[in-house]
Amino acid sequence: MSASMSFTHTPTIQRSRAATVTLWMVQIALAGLFLMAGASKLFGAAPMVALFDAIGIGQWFRYVTGLVEVGAGIALLVPSAAVFGALVLVPTMIGAIVTQLFIVHASPVPPAVLLVGAAVVLWARRRELSSVLSTAR
């Protein structure tokens, strides 16, 4: 048996116009931040190279992280994929917080703010994720 997953179906969720506009504003802001952060990793900005040297896993991890951030940033701009972008960013930002606290000993506030934003989007779009998961079964 093959389960077909379609990203074109977005369940109808009743939100007020203000809530919808606010959600999109959060998604667009997050997308912009993650596109910039991911691009700086992919293009080898000196601070990112130094950060990933300090992490000690290798520069390959900088590329993977950059791809995750750029991919998730793009997904946040696509209505049927936004929930998946947020879903990927939550554990990514948890990892960033842990890294900031215990490896590079820097402030965890920036990734914590991004985690809250991604969690808000994930929570607001949870029914869409539930719908896709139930369709895949």
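A dipole drawn for segment 17-136 from +1 and -1 charges on Cβ atoms has a positive end, and of P91, L51, S107 the residue lying farthest that way is P91. Net charge dipole, the chain: roughly 420 debye, given to the nearest 20, about the Cα centre with Cβ charges of +1 for Lys and Arg and -1 for Asp and Glu. A Förster distance of 22 Å, applied to the separation of the beta-carbon atoms of A18 and L101, puts the FRET efficiency at 0.05. Of the DSSP H helices in the chain, those that are both long (alpha-carbon extent of 27 Å or more along the helix axis) and hydrophobic (Kyte-Doolittle mean at least -1.0) are 17-42, 82-102. Using every pair of distinct Cα positions in segment 17-136, the Kirkwood expression returns a hydrodynamic radius of 14.8 angstrom. Extension gain for the segment S134 to Q59, taken as residue separation times 0.36 nm less the Cα-Cα distance, is 23.2 nm to one decimal.
Any read-out appearing in this document is the output of simple, stated calculations on the displayed coordinates, not a laboratory observation. Keep in mind that what you see is a predicted model, and the values were worked out from it rather than measured. Cβ sites come from the backbone with ideal geometry, for glycine too, and all protein chains shown count toward neighbours.
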